[in-house]
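Following: one structure in structure tokens, then a few remarks.
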Amino acid sequence: MAFGAFSSGAAPGVATVQEGPRRKSRVALFLLLPGIAYLALFFLVPLISLLLTSFMAPREFGDIGQFDYAFRWENYVKVVETYLPHILRSFGYAAIATVLALIIGYPLAYFIGVNLRRFPLVQALALVLVIAPFFISFLLRTLAWKQIFADEGPVVGALNALSLMGPGDHITGTPAAVVFGLTYMFIPFMTLPIYTSLERLDLRYVEAGGDLYASPWTTFRTVTLPLSMPGVVSGTLLTFIPASGDYINASRDFLGSTETAMIGNVVETNFLILQNYPAAAALSIILMATILILVGAYVRKSGTEDLV
Amino acid sequence: MSKNEFGTSGADLELRGVSKRFPGFTAIEELDLTIPAGSFFALLGPSGCGKTTTLRIVAGLEEPTTGRVLIGGKDVTDAKPFQRPVNTVFQSYALFPHMTVIENIAFGLRRRRIEDPLGKAREALRLVELENVAQRRPAQLSGGQQQRVALARAIVNRPALLLLDEPLGALDLKLRRQMQLELKEIQAQVGLTFLHVTHDQEEAMTMADTVAVMNKGRIEQMGAPEELYERPRTAFVANFLGQSNLFGGKVVSSSDESIVVDVHGYRVEVPRARSQRHSGEVAVGVRPEKIELHANEPVPASGINIVGPGRVTDVSFSGVSTSYQVSLPGLGVVTVFAQNRSFGPVVHEGEQVWLSWHVEHGFGLEDEPEQLPKFAADDDTQSIAAQRRRQLQTELEGA
Ligand SMILES: Nc1ncnc2c1ncn2[C@@H]1O[C@H](COP(=O)(O)OP(=O)(O)O)[C@@H](O)[C@H]1O
Ligand SMILES: [Mg+2]
């Protein structure tokens with residue numbers, strides 16, 4: 001699985017290279033060159049451009065959308081002041097969606113990776129089903145959910161018939177709908193890495209847990225879960241990072257409303273409509289930095305040395 | 001049973017009519033077994049005969065198709081593994097890779113909320129002489145060290161019954177011998193019931209009070225090691241535990257003390273008490289080290305079986321003893337072991353010899369003579385060595 005790469009970094013090779021003769025390290029450097037060039041070109045350059053943009057000042061007597069290079073750090077203060085609720089909302093929604101996706105994805109991964117082991121064909125089929133949503137554009141899928149949850153849709157109709165919803169209530173446009181959309185979208189990203197670690201899980205450890213007086217639940221807590229932690233960490237990162245930057249689910253055109261706007265939506269508005277490029281860039285940088293800090297702390301906390 | 005009970009003595013194990021069928025394969029058929037408390041019991045058999053399956057049934061990791069399992073008189077057939085006063089040293093160790101050695105050992109104690117788990121774990125680690133690796137991960141240990149940690153992890157719980165599944169399999173010969181002695185010492189120290197599974201007959205005989213020889217899912221014979229060796233009841237036992245010379249023949253006369261079998265014209269007398277069958281076609285045998293070689297025909301005497309003359313076809317020196325293959329017309333090839341009391345072999349290849357042994361050293365088997373294995377079991381190390389030697393010789397001669 002491609003997701004394996006996420007958890008099993010390139011560390012082992014690097015260590016031996018340093019111990020080897022100097023010529024070896026030069027060869028390694030040479031082999032790394034395309035990768036470094038790629039990173040420089042497609043990651044570093046846009047990042048620097050983004051940083052420069054975030055400090056730009058409006059051109060004097062210029063039109064809307066015209067800016068000059070400057071060092072206007074007030075841009076950051078301004079966007080934080082204006083958009084703090086959106087920033088908090090983004091990480092809040094992403095965190096809830098990550099937890100929900102974990103609660104749904106872990107048992108699913110366990111079932112496919114452990115219970116279905118004896119039936120390889122069924123296992124393969126189940127994996128295809130997990131990935132199946134990717135065959136349809138996620139825009140279309142989100143639109144489909146919008147239809148289903150729409151005021152004239154079947155769900156609202158059924159809830160109305162059961163008098164569980166008042167006449168003024170909606171599902172679309174609520175935080176719950178946005179979190180639902182995020183959770184739905186990222187369940188495969190959560191499930192697959194966890195599946196890869198559970199699929200390799202040696203069940204003899206589980207048996208040993210039972211033999212050593214651990215009840216099934218305790219065995220899960222002390223043996224199975226720690227052994228599948230690399231998958232859980234990969235899955236939560238693959239969910240949390242893109243979810244906090246998502247702007248489709250929360251957008252008014254899909255499951256959200258103005259009350260549910262996340263950073264992504266604000267960036268989009270600033271960039272495309274208000275043409276306030278420095279604000280959009282500053283928001284992006286803030287989003288990126290916050291994610292980096294959160295993820296760093298998370299990996300460190302759940303961090304065992306065999307994790308990354 | 002109380003979870004916090006810290007066993008101080010072993011419990012007996014009883015299997016009543018236990019069988020296990022996997023889809024399309026019967027791993028165990030009708031096993032009845034009683035292991036008294038505090039004993040060191042070995043289950044010996046070739047690989048695939050159902051030893052691990054038996055242990056897994058006792059541990060609760062496998063459900064028996066029929067039969068009951070009783071530990072200390074209590075029926076635990078329906079109890080889950082974590083509810084049984086049993087610990088296992090797994091064939092694969094199954095040490096938790098994400099925990100340090102000391103945490104691995106303390107695992108069972110923590111689950112039962114026993115006081116001072118780390119102190120007790122350290123004590124167990126001392127018992128297997130590995131105090132210095134307490135903080136390491138299992139992956140950083142050698143196979144032999146892992147095996148000892150697995151042992152400590154099980155023993156520290158003082159289970160009423162300790163199951164050992166080929167726990168010394170990964171060790172080289174010297175360490176294995178040393179661990180055998182240590183294990184036996186530990187068992188004597190802690191006084192628990194040990195059920196030890198192995199395919200190594202020497203290991204079973206040196207360690208256990210009682211050995212059960214298992215073959216194809218059933219127990220062929222059970223008893224003290226000496227008894228099994230001296231009085232095997234079946235051809236399988238006779239050949240799996242050491243080597244035997246087996247002959248078939250018809251009983252021609254019998255008295256209260258012995259039966260006399262006609263083996264291709266030779267008169268072979270076997271004590272009645274050491275024979276399973278007393279009339280008709282029977283199979284009898286004698287251990288190779290019980291046979292004496294004679295260069296001249298010995299004088300017949302009562303209480304002695306004499307066969308010969310035969311020709312020595314192979315002499316192979318193995319340090320303590322020398323193994324001779326003697327070909328006798330009608331009888332086939334007989335193996336004789338002689339201690340190397342003097343320098344060099346007593347007789348040489350091609351020489352004519354007579355064989356003799358005391359009547360009381362013979363034994364009679366349950367098996368039908370036609371079903372006797374023509375050759376010793378393939379997994380017998382001595383026969384493999386002899387075969388290999390013969391191969392080498394022909395290669396050398398050809399070169
Ligand atoms: N889960 C299983 N399904 C089918 N056959 C099995 C299973 N476990 C063991 N067996 C079979 O049962 C027999 C006995 O196995 P085992 O008890 O492991 O033998 P031993 O430990 O004596 O080498 C073997 O032939 C093995 O193939
Ligand atoms: Mg086995």
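Name the one entry in B:204, B:170, B:152 that is open to solvent by less than 10 Å² (accessible area, probe 1.4 Å), within 16 Å of ligand 1 (Cβ to nearest atom), of a type in the set (Gly, Ala, Ser) and outside any strand (DSSP E or B).
On the way: B:170 fails: open to solvent by less than 10 Å² (accessible area, probe 1.4 Å); B:152 fails: within 16 Å of ligand 1 (Cβ to nearest atom).
When all the criteria are applied, what remains is B:204.
Can you find even one residue in segment B:103-115 that is more than 26 Å from residue B:56 (Cα to Cα), in contact with a helix residue (DSSP H, G or I) (Cβ under 9 Å, 6 or more places away or on another chain), open to solvent by 40 Å² or more (accessible area, probe 1.4 Å) and free of Cβ contacts under 8 Å to residues at least 12 places away in the same chain? Break it down stepwise before answering.
Of the residues in segment B:103-115, the ones more than 26 Å from residue B:56 (Cα to Cα) are B:115.
Filter again for in contact with a helix residue (DSSP H, G or I) (Cβ under 9 Å, 6 or more places away or on another chain), leaving B:115.
Within this subset, residues satisfying the condition of being open to solvent by 40 Å² or more (accessible area, probe 1.4 Å) are B:115.
Filter once more, keeping what is free of Cβ contacts under 8 Å to residues at least 12 places away in the same chain: B:115.
Checked segment B:103-115: at least one residue is more than 26 Å from residue B:56 (Cα to Cα), in contact with a helix residue (DSSP H, G or I) (Cβ under 9 Å, 6 or more places away or on another chain), open to solvent by 40 Å² or more (accessible area, probe 1.4 Å) and free of Cβ contacts under 8 Å to residues at least 12 places away in the same chain.
Got a number for residues in segment B:107-160 being on the phi > 0 side of the Ramachandran plot and either hydrophobic (A, V, I, L, M, F, W, C) or away from chain A (no Cβ under 13 Å) (or both)? Explain how you work it out, then say what you get.
Filtering segment B:107-160 down to residues on the phi > 0 side of the Ramachandran plot leaves B:113, B:116, B:129, B:158.
So of that shortlist, the ones also either hydrophobic (A, V, I, L, M, F, W, C) or away from chain A (no Cβ under 13 Å) (or both) come out as B:116, B:129.
Here the count works out to 2.
How about segment B:351-374: which of its residues are buried (at least 16 other Cβ atoms within 10 Å of the Cβ) and either farther than 18 Å from residue B:301 by Cβ or β-branched (Val, Ile, Thr) (or both)?
Answer for segment B:351-374, where residues must be buried (at least 16 other Cβ atoms within 10 Å of the Cβ) and either farther than 18 Å from residue B:301 by Cβ or β-branched (Val, Ile, Thr) (or both): B:351, B:353, B:359, B:363, B:364, B:365, B:366, B:367, B:369, B:372.
Taking residue B:15, is it in contact with a Leu (Cβ under 6 Å, 6 or more places away or on another chain), without any contact (Cβ under 8 Å) to a residue 60 or more places away in the chain and either away from ligand 2 (no atom under 16 Å from the Cβ) or not in a loop (DSSP other than H, G, I, E, B) (or both)? If you could, list the steps in order and put the result at the bottom.
Working: in contact with a Leu (Cβ under 6 Å, 6 or more places away or on another chain): yes; without any contact (Cβ under 8 Å) to a residue 60 or more places away in the chain: yes; either away from ligand 2 (no atom under 16 Å from the Cβ) or not in a loop (DSSP other than H, G, I, E, B) (or both): yes.
For residue B:15, the condition - in contact with a Leu (Cβ under 6 Å, 6 or more places away or on another chain), without any contact (Cβ under 8 Å) to a residue 60 or more places away in the chain and either away from ligand 2 (no atom under 16 Å from the Cβ) or not in a loop (DSSP other than H, G, I, E, B) (or both) - is met.
Just a yes or no: is a residue in segment B:213-228 in a strand (DSSP E or B), buried (at least 20 other Cβ atoms within 10 Å of the Cβ) and in contact with a Gly (Cβ under 8 Å, 6 or more places away or on another chain)?
yes
Which count do you get for residues in segment B:175-199 that are in contact (Cβ under 8 Å) with a residue 24 or more places away in the chain and of a type in the set (Asp, Glu)?
The number of residues fulfilling the criteria is 1.
May I ask you to say which residue of B:30, B:62 is away from ligand 2 (no atom under 16 Å from the Cβ) and open to solvent by 10 Å² or more (accessible area, probe 1.4 Å)?
On the way: B:62 fails: away from ligand 2 (no atom under 16 Å from the Cβ).
Of the residues listed, the single one that is away from ligand 2 (no atom under 16 Å from the Cβ) and open to solvent by 10 Å² or more (accessible area, probe 1.4 Å) is B:30.
Based on this model, can you work out whether residue B:176 counts as away from ligand 2 (no atom under 16 Å from the Cβ), buried (at least 17 other Cβ atoms within 10 Å of the Cβ) and on the phi > 0 side of the Ramachandran plot? Don't jump to the end; show me each part of the working.
On the way: away from ligand 2 (no atom under 16 Å from the Cβ): yes; buried (at least 17 other Cβ atoms within 10 Å of the Cβ): yes; on the phi > 0 side of the Ramachandran plot: no.
For residue B:176, the condition - away from ligand 2 (no atom under 16 Å from the Cβ), buried (at least 17 other Cβ atoms within 10 Å of the Cβ) and on the phi > 0 side of the Ramachandran plot - is not met.
Does residue B:163 satisfy being within 16 Å of ligand 1 (Cβ to nearest atom) and within 14 Å of another protein chain (Cβ to nearest Cβ)? Walk me through it before giving the result.
On the way: within 16 Å of ligand 1 (Cβ to nearest atom): yes; within 14 Å of another protein chain (Cβ to nearest Cβ): yes.
Against the criterion (within 16 Å of ligand 1 (Cβ to nearest atom) and within 14 Å of another protein chain (Cβ to nearest Cβ)), residue B:163 qualifies.
What's the number of the condition residue B:51 fails, among (1) more than 16 Å from ligand 2 (Cβ to nearest atom); (2) among the charged types (D, E, K, R); (3) in contact with a Gly (Cβ under 6 Å, 6 or more places away or on another chain)?
The failed condition is (1).
What number goes with the only condition from (1) away from ligand 2 (no atom under 16 Å from the Cβ); (2) without any contact (Cβ under 8 Å) to a residue 40 or more places away in the chain; (3) part of a loop (DSSP other than H, G, I, E, B); (4) within 14 Å of another protein chain (Cβ to nearest Cβ) that residue B:92 does not pass?
Unmet condition: (1).
Please count how many residues of segment B:65-89 are within 11 Å of chain A (Cβ to nearest Cβ) and open to solvent by 50 Å² or more (accessible area, probe 1.4 Å).
The number of residues fulfilling the criteria is 2.
Applying the selection to segment B:178-201, what residues are closer than 24 Å to residue B:48 by Cα and outside any strand (DSSP E or B)? Can you show your working first?
From segment B:178-201, those closer than 24 Å to residue B:48 by Cα are B:180, B:194-201; that's our starting set.
B:180, B:199, B:200, B:201, listed by residue number.
Each row is one residue, and each column tells you yes or no for (1) within 14 Å of chain B (Cβ to nearest Cβ); (2) open to solvent by 20 Å² or more (accessible area, probe 1.4 Å); (3) closer than 24 Å to residue A:126 by Cβ; (4) charged (D, E, K, R).
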position	(1), (2), (3), (4)
A:162	no, yes, no, no
A:166	no, yes, no, no
A:181	no, no, yes, no
A:194	no, no, yes, no
A:199	no, yes, yes, yes
A:206	yes, yes, yes, no
A:220	yes, yes, yes, no
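Exactly one of (1) in contact with a Leu (Cβ under 6 Å, 6 or more places away or on another chain); (2) open to solvent by 10 Å² or more (accessible area, probe 1.4 Å); (3) at pLDDT 95 or above is unmet by residue B:131. Its number?
(3)
Quick check on my filter: what residues within segment A:222-249 are within 14 Å of chain B (Cβ to nearest Cβ) and either in contact (Cβ under 8 Å) with a residue 24 or more places away in the chain or farther than 16 Å from residue A:99 by Cβ (or both)? So that I can check it myself, show each step before the final result.
Residues of segment A:222-249 within 14 Å of chain B (Cβ to nearest Cβ): A:222-233.
Once the filter is applied, which keeps residues that are within 14 Å of chain B (Cβ to nearest Cβ) and either in contact (Cβ under 8 Å) with a residue 24 or more places away in the chain or farther than 16 Å from residue A:99 by Cβ (or both), segment A:222-249 yields A:222, A:223, A:224, A:226, A:227, A:228, A:229, A:230, A:231, A:232, A:233.
Would it be correct to say that residue A:298 is in contact with a Gly (Cβ under 8 Å, 6 or more places away or on another chain) and either under 30 Å from residue A:73 (Cα atoms) or not basic (Lys, Arg) (or both)? Even if it seems obvious, please write down each step before you answer.
Values: in contact with a Gly (Cβ under 8 Å, 6 or more places away or on another chain): no; either under 30 Å from residue A:73 (Cα atoms) or not basic (Lys, Arg) (or both): yes.
No.
For residues that are in contact with a strand residue (DSSP E or B) (Cβ under 8 Å, 6 or more places away or on another chain) and surrounded by fewer than 20 Cβ atoms within 10 Å (Cβ to Cβ), tally how many sit in segment B:182-199.
The number of residues fulfilling the criteria is 2.
Given the criteria touching a Ser or Thr at 6+ places or on another chain (Cβ under 9 Å), within 14 Å of chain A (Cβ to nearest Cβ) and either within 16 Å of ligand 1 (Cβ to nearest atom) or among the basic types (Lys, Arg) (or both), does residue B:20 qualify? Before you say what the answer is, go through the steps one by one.
Values: touching a Ser or Thr at 6+ places or on another chain (Cβ under 9 Å): yes; within 14 Å of chain A (Cβ to nearest Cβ): no; either within 16 Å of ligand 1 (Cβ to nearest atom) or among the basic types (Lys, Arg) (or both): yes.
Answer is no for this residue.
Restricting to segment B:283-306, and then to whatever is small (Gly, Ala, Ser), touching a residue at least 12 places away in the same chain (Cβ under 8 Å) and outside any strand (DSSP E or B), can you tell me which residue is most open to solvent (accessible area, probe 1.4 Å)?
B:295
Only one of B:26, B:54 is in contact (Cβ under 8 Å) with a residue 24 or more places away in the chain, away from every other protein chain (no Cβ under 14 Å), in a helix (DSSP H, G or I) and closer than 28 Å to residue B:240 by Cβ; which?
On inspection, the qualifying residue turns out to be B:54.
The values are calculated or read from the model by the stated rules, or taken from the named source; none is laboratory data. Nothing here was measured: the structure is a model prediction, and the numbers come from that model. Every residue, glycine among them, receives a Cβ derived from its backbone with ideal geometry; neighbour counts consider all protein chains shown. These area figures cover heavy atoms from the full protein model, side chains too; ligands, DNA and RNA do not enter into them. Shrake-Rupley method; radii C 1.70, N 1.55, O 1.52, S 1.80 Å.
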